[in-house]
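Engineer: Mind having a look at this structure? Questions to follow.
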């Protein structure tokens, strides 16, 4: 069961979806905002709403780190002391309805997308590609399948399975409603074939009366990746960076389905997110529902996990997605690993053992890509399969020479992105978008 | 509320398997334990000392060469020792002898010089990661060019003198006994430790090159296999003279299977090398009869007097008499040589198999497969360029 994390004194609610160089119009500092109310002025249709996770006061603009390298604008918000209201997000609602209320059933699909965005629902992580971008893509092309990915990247830290087990009705409602809205003929729940009998029974009973079907799969890493999962389920290719709707599929994980399901059933905003923390030093796992915008340092302190001298990874340590204590919780990665600092290793030369090639789940040649990164040769990287890399990190894990194979892929992709990205806008344009009510910096 | 679950798995703090380059090579060593043990049993303490001499001389030379420039530091002990072990397994045990050779050479200097040459080649070729030609192959072929006669094996220990016997204390057993009784069941009648006999590879190459001079002016392929060759089980177990590590085919295969089991080698390569080589041995022209001159035939199977049984037995002898299984499992799979791309590996292995059959039939059974592998490995960089990976998504 997920326990409720204590609200930290201050949260940094991320403002997601703002284009590079754009800043949100944040409400004035000192303004008291109640739980679930927006912290920014009317966001654009492409931008997600940043909502107050509890009653409190706006401190001002800031920035939040989603990973150690991904920074977004944020609203610093001081939470009022005292118990948080409306804690239904951490508990199970008794006998929840299985479909949206009749008053909203005739809302068009685009209306639901706006509703999800206004209620702060977002998910953009390895197992669940950008939800709102997928929904917008669904408006443009037909969808035949909705897949809810309940496979956990690390079966030993079963966040998705626990979410589906604790809130089955909301998860099913999310999936079934998406299937109905998109007109998809199939709605599947991809679950690990090794889940225990009680979880299986819970899911089956939640499925009764819906068209959602359970699809048991062998959950060996990294099958939870959308590309591999789609290949397994429907034999359709999905390249990294592509959205599943481009192949006629809407894909989300259990946590995203839960947030959407709550929105559909109870009009409830996404103010908390389920989070799993595994402390590799002590061998203990923690499952919490955490306010959106809470810094990892505060969350870990709350559960008595020391962050000093440790290293934090998102998703799974194999992917080497580094975090730090300043990263905030939201719709990004929801499994966190704390491990000791990794001593710097001096890599050996490539001995051409080809273990990276043998272990690669998408049949690319990581050693060749590293060579291309060293030569700064994008054509060579393309020939070795750079575009297909899902950044699972298995290659770097098995490499006996300790070569930074995953880093090579990321470096190349970064340089390709930078080459495509136009230079930042002039500062003057930023100034014109500043909220006039805010104090001068 | 503190809610914590105990989790047994994934306690290692590093996102790495923990296998280092040194461990990679040491795992290979475990696979080589099988042919090494068989070699030490069959050729006694001299074999153990010879391998030790190669390894020590390689280590000392690496120590010296590591001091020379940045390239010197690229030469690693782990790789060097593994290659030294392979080289030691390819040499005959009688090299560890104080008696001078036919041209006045001191045979015991050969393994020491071989170890030094190996280390120097490693340095010259760039050390770890830079090598695309197997230093062991170059060293061995250079040794063949320089000391060809010294590398011919002449004796193997009797089965009741395993390991403790001296392979140089040898006598020639009765020829009929050698032909009829396999080494494993042969009674040992003399007080000598080892049995001296001509190696099967020498007999085969003389015949397939058409150089055999039959005593009665006529020798057919059936006659060769029946009268001149030892029982096949001798070659499988290692009861005929040969290099230390390649004589016992069964030990080589078990060692290779171990390497496959540990995921250290790609199973396709030995499978394709052996399969293609075997097929080529059945197809390529061989003398079916040697009378005044040799009568050559392609597809010996289709020749009326030969047929399937004789042709297959001949191919079996060819496979067992030379170092082909050792080459297929331990050398052709070496990371320095084989291509990285899976599809390219198949072509590389097929080319190696065909060349091995050709060179074994018409050049040398003893070193033909080594030469074939060296030639095939020259193709590997090109194959890697031609065959890029086919990504799944």
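Engineer: Normalising by the residue count of the range A:122-206, find the relative contact order in percent from Cα pairs under 8 Å and 6+ residues apart.
Structural biologist: Relative contact order for the range A:122-206 comes out at 35 percent.
Engineer: Normalised by the residues of chain B, what does the relative contact order come to in percent, with Cα pairs under 8 Å and at least six apart?
Structural biologist: 17
Engineer: Evaluate peptide B:18-27: per residue, the Cβ atoms of other protein chains within 10 Å of its Cβ; return the mean as an integer.
Structural biologist: For this peptide, the per-residue mean of nearby foreign Cβ atoms is 4.
Engineer: Can you bin the range B:292-335 into rounded, prolate or oblate? Criterion: square roots of the alpha carbon gyration tensor eigenvalues sorted a ≥ b ≥ c, rounded for a/c under 1.5, prolate for a/b above b/c, oblate for the rest.
Structural biologist: prolate
Engineer: So if I take the centroid of the Cα atoms in the range A:330-378 and the same for the range A:105-179, what is the distance between those two points in Å?
Structural biologist: Measuring centre to centre over Cα atoms gives 30 Å.
Engineer: Taking only Cα atoms, what is the 0 to 90° angle, nearest 10, from helix B:77-89's long axis to the longest principal axis of chain B?
Structural biologist: 10
Engineer: Tally the DSSP beta bridges in the protein assembly as shown and give the antiparallel ones as a percent, rounded to 5.
Structural biologist: Taking every DSSP beta bridge with both residues in the protein assembly as shown, the antiparallel ones total about 65 percent.
Engineer: For chain B, what proportion of DSSP beta bridges, expressed in % and rounded to the nearest 5, is antiparallel?
Structural biologist: 80
Engineer: Let me ask you something else. Hey, rough spin-label estimate for residue A:194 and residue B:60, points 7 angstrom out along Cα→Cβ, what's it come to in nanometres?
Structural biologist: Each label point lies 7 Å from its Cα, and together they span 5.3 nm.
Engineer: Starting from the Cα gyration tensor of chain A, take the square roots of the eigenvalues, sort them a ≥ b ≥ c, and report rounded, prolate or oblate (rounded when a/c is under 1.5, otherwise prolate if a/b is larger than b/c, else oblate).
Structural biologist: The shape class here is rounded.
Engineer: Given points 7 Å out from each Cα along the Cα-Cβ axis, report the residue B:299 to residue A:68 separation in nanometres with one decimal.
Structural biologist: 6.6
Engineer: On C-alpha positions alone, give me the angle between the axis of helix B:21-65 and the longest principal axis of chain B, in degrees, nearest 10.
Structural biologist: Between helix and principal axis, roughly 40 degrees.
Engineer: When the helices in chain A are scored as -39500 (n - 2.57) per DSSP H run of 4 or longer and the sum is shared across all residues, what 222 nm value do you end up with, to the nearest 500 deg cm²/dmol?
Structural biologist: Dividing the helical sum by the residues of chain A leaves -8500 deg cm²/dmol.
Engineer: Ok, one more. Order the peptides A:365-375, A:284-294, A:303-313 from the highest to the lowest mean number of other Cβ atoms within 10 Å of their residues.
Structural biologist: So the order, starting with the most tightly packed, is A:284-294, A:365-375, A:303-313.
Engineer: Further, regarding this structure: Other chains' Cβ within 10 Å of A:346-358 residues: what's the mean?
Structural biologist: Partner-chain Cβ atoms within 10 Å, mean over residues of A:346-358: 6.
Engineer: OK, next. Return A:150, B:112, A:281, B:290 ranked ascending by Cβ neighbour count within 10 Å, so the fewest neighbours appear first.
Structural biologist: A:281, B:112, B:290, A:150
Engineer: Select from A:283, A:248, A:185 the residue whose mean-square fluctuation is largest in a Gaussian network model of chain A (Cα-Cα springs shorter than 10 Å).
Structural biologist: Highest fluctuation of the listed residues: A:283.
Engineer: Something else: Hey, how many Å between the Cα centroid of the range B:58-116 and the Cα centroid of the range B:205-237?
Structural biologist: The distance from the Cα centre of the range B:58-116 to that of the range B:205-237 comes to 35 Å.
Engineer: While we're looking at this one, here's another question. Determine, for each peptide in B:29-40, B:320-331, the mean count of other beta carbons within 10 angstrom over its residues, then list the peptides with the highest first.
Structural biologist: B:320-331, B:29-40
Engineer: Next question, about the same structure. Report, largest value first, the span of the C-alpha coordinates of the range B:241-393 along each principal axis, in whole Å.
Structural biologist: 61, 33, 24
Engineer: Still on this structure: Sort the range A:196-350 into rounded, prolate or oblate with this rule: let a ≥ b ≥ c be the square roots of the eigenvalues of the Cα gyration tensor; rounded if a/c is under 1.5, and if a/c is not under 1.5, prolate when a/b is larger than b/c, oblate otherwise.
Structural biologist: oblate
Engineer: GNM on chain A, C-alpha springs below 10 Å: top fluctuator among A:265, A:159, A:250?
Structural biologist: Highest fluctuation among the options: A:265.
Engineer: Got the relative contact order for the range A:128-269 handy, in percent, Cα pairs under 8 Å and 6 or more residues apart?
Structural biologist: It comes to 40 percent, rounded to a whole number.
Engineer: Using r as the Cβ-Cβ distance of residue B:26 and residue B:218, and R0 as 51 Å, what FRET efficiency do you calculate, to the nearest 0.05?
Structural biologist: Working from the Cβ atoms, E equals 0.40.
Engineer: Among B:244, A:336, which comes first, then next, by fewest other beta-carbon atoms within 10 Å?
Structural biologist: In increasing order of surrounding Cβ atoms, one gets A:336, B:244.
Engineer: Over the alpha-carbon set of the range B:313-393, work out the extent along each principal axis and list the three values in angstrom, largest first.
Structural biologist: Sorted from largest, the Cα extents of the range B:313-393 read 47, 22, 18 Å.
Engineer: What is the mean number of Cβ atoms from other protein chains located within 10 Å of the Cβ atom of each residue in peptide A:23-31, rounded to a whole number?
Structural biologist: The per-residue average across the peptide is 0.
Engineer: Still on this structure, I have one more. Given points 7 Å out from each Cα along the Cα-Cβ axis, report the residue A:211 to residue A:140 separation in nanometres with one decimal.
Structural biologist: 2.5
Engineer: Using a Gaussian network model of chain B with C-alpha springs under 10 Å, which one of B:158, B:57, B:220 is most mobile by mean-square fluctuation?
Structural biologist: Checking each option, the largest mean-square fluctuation is seen for B:220.
Engineer: Going by C-beta contacts inside 10 Å, put B:286, B:205 in order with the fewest on the left.
Structural biologist: Listing B:286, B:205 from fewest to most nearby Cβ atoms yields B:205, B:286.
Engineer: Turning to a different aspect of this structure: Cα axis of helix B:249-261 to longest principal axis of chain B: angle in degrees, 0 to 90, nearest 10?
Structural biologist: 20
Engineer: May I ask what percent, to the nearest 5, of DSSP beta bridges between residues of chain A are antiparallel?
Structural biologist: 60
Engineer: While we're here: Write down Rg/Rh for the protein assembly as shown, rounded to two decimals, with Rg from the C-alpha atoms and Rh from the Kirkwood relation over Cα pairs.
Structural biologist: Result: Rg/Rh = 1.12.
The numbers here are math on the coordinates, done by the rules we state, and not lab data. What you see is a predicted model, and the numbers here were worked out from it, not measured in a lab. Cβ sites come from the backbone with ideal geometry, for glycine too, and all protein chains shown count toward neighbours.
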